Amino acid sequence: MRAGIGFTLAMAVVLTGAACSGDDKPAPQSEGASPVVASPSPTAPPEHPFTGRPVATRRPVLAVKIENTHAGKPQIGLRSADVVYVEQVEGGLTRLMAIFSSKLPAQVGPVRSARISDLHILPAFGKPALAYSGVQTKMIPFVQKASLFDVSDSRAPGAYVRAPGRVAPYNLVGSPRKLLAKAPQATRAKDIGFVFSDEPPAGGTPQKTVNVRYPAARFAFTWSEAQKRWLVTQDGEKDMAAEGGQQGAPTIVVQWVKTDRSEFHDFTGSYTPLVHTVGKGTGVVLRDGQAYRVKWSRASEKEGTVYTMADGKPMPFARGQVWVVLASRKPVAP
């Protein structure tokens, strides 16, 4: 895939003025008349830091671990997420971590177990609530020390139900409102490095479909001009939502990251990948049917990730849901 890295900056300046001769005089004001005061311009509502859409208030942040294999499809509530992270897990498969704040679906799931990479991503959101179902015993102390409020099924059982018609463990769904009620001090949405704009910048390369491969998972992101979104296909099948329609987002970030073996393993002995999201690297941002080469940087776990174009300026995302696909150029075999 080739994306343009050249940029042409166009600046238009409109000058307006009123000319008057020395003989021109203002019309006399009627005696006793009140002076005319211009009405102030309406103030646009602030943008949500995760989506760039108008928002009246910033609400607490909820992160949810969601199954991302065929057995867990169709996923519930994912279309309401502000940000969706795709992470490699054991066996070369992937799992999602969905971030909710601006709006909450009635239910979300299937909720699955957390991974060590989650604990390195979440501090950028402050101290959010994390919904998940179990972790490896060895990882429990790491979760207890992490920057999060634990609202797992063992800590907040009343916030979860088993969905009929699905097979365990792919039938556990949570209620975002009940989950956040168990974490009243969860950090509200704040800047995580995203920048948004209505119009795409110059320098993109038109793309219809972009493919991303993991050792045991394949993704295709195809631009839909009608929906103004990149539609998601996984392992050759359309990724459908339980609410109807295909999963997708106006912005897809393919972020090339270092992925290596962590100290953890699953019950089969497969190692748990550790995705490194602090540091610097390159990537591709997809928006408005175009691909842009970018650089990313994250100075520390408590800071957000900044994406810049070739000229060093921030890469603006399209408004709406953002998918961050954390992938390795050289996938590590399971």
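Relative to one another, the C-alpha centroids of the range 104-183 and the range 249-324 are positioned 22 Å apart.
Would you order 133, 300, 117 from fewest to most other beta-carbon atoms within 10 Å of each residue's own beta-carbon? Let's see the in-between values first.
Values: 133 19, 300 9, 117 24.
Result, fewest neighbours first: 300, 133, 117.
Using the Cβ-Cβ distance between residue 47 and residue 154 with R0 = 45 Å, the FRET efficiency computed as 1/(1 + (r/R0)^6) comes to roughly 0.80.
Is there a quick way to get the dipole size of the range 168-306? I mean about its Cα centre, with the Cβ of Lys and Arg at +1 and of Asp and Glu at -1; what is the value in debye to the nearest 20? Walk me through the numbers on the way to the answer.
Values: 19 positive and 14 negative charges, 54 e Å.
So the dipole magnitude of the range 168-306 works out to roughly 260 debye.
Sorted ascending by nearby beta carbons within 10 Å, beginning with the fewest, 319, 229, 155 become 155, 319, 229.
In a reduced charge model with +1 at each Lys and Arg Cβ and -1 at each Asp and Glu Cβ, the range 62-327 shows a dipole moment near 340 debye about its Cα centre.
Per-residue packing, averaged as other Cβ atoms within 10 Å, sorts the ranges 136-145, 187-196 into the order 187-196, 136-145, beginning with the highest.
The residues packed around residue 280, meaning those with a beta-carbon under 13 Å from its beta-carbon, carry a net charge of +2 if Lys and Arg are +1 and Asp and Glu are -1.
With unit charges on the beta carbons (Lys and Arg positive, Asp and Glu negative) and the dipole taken about the Cα centre of the range 237-297, which residue among 291, 265, 254 sits farthest to the positive side? Positive-most Cα among the choices belongs to 291.
The numbers here are math on the coordinates, done by the rules we state, and not lab data. Note that the structure is predicted; figures quoted are calculated from it, not measured. Quick reminder, even Gly has a Cβ in these numbers, built from the backbone with ideal geometry, and neighbours come from all protein chains shown.
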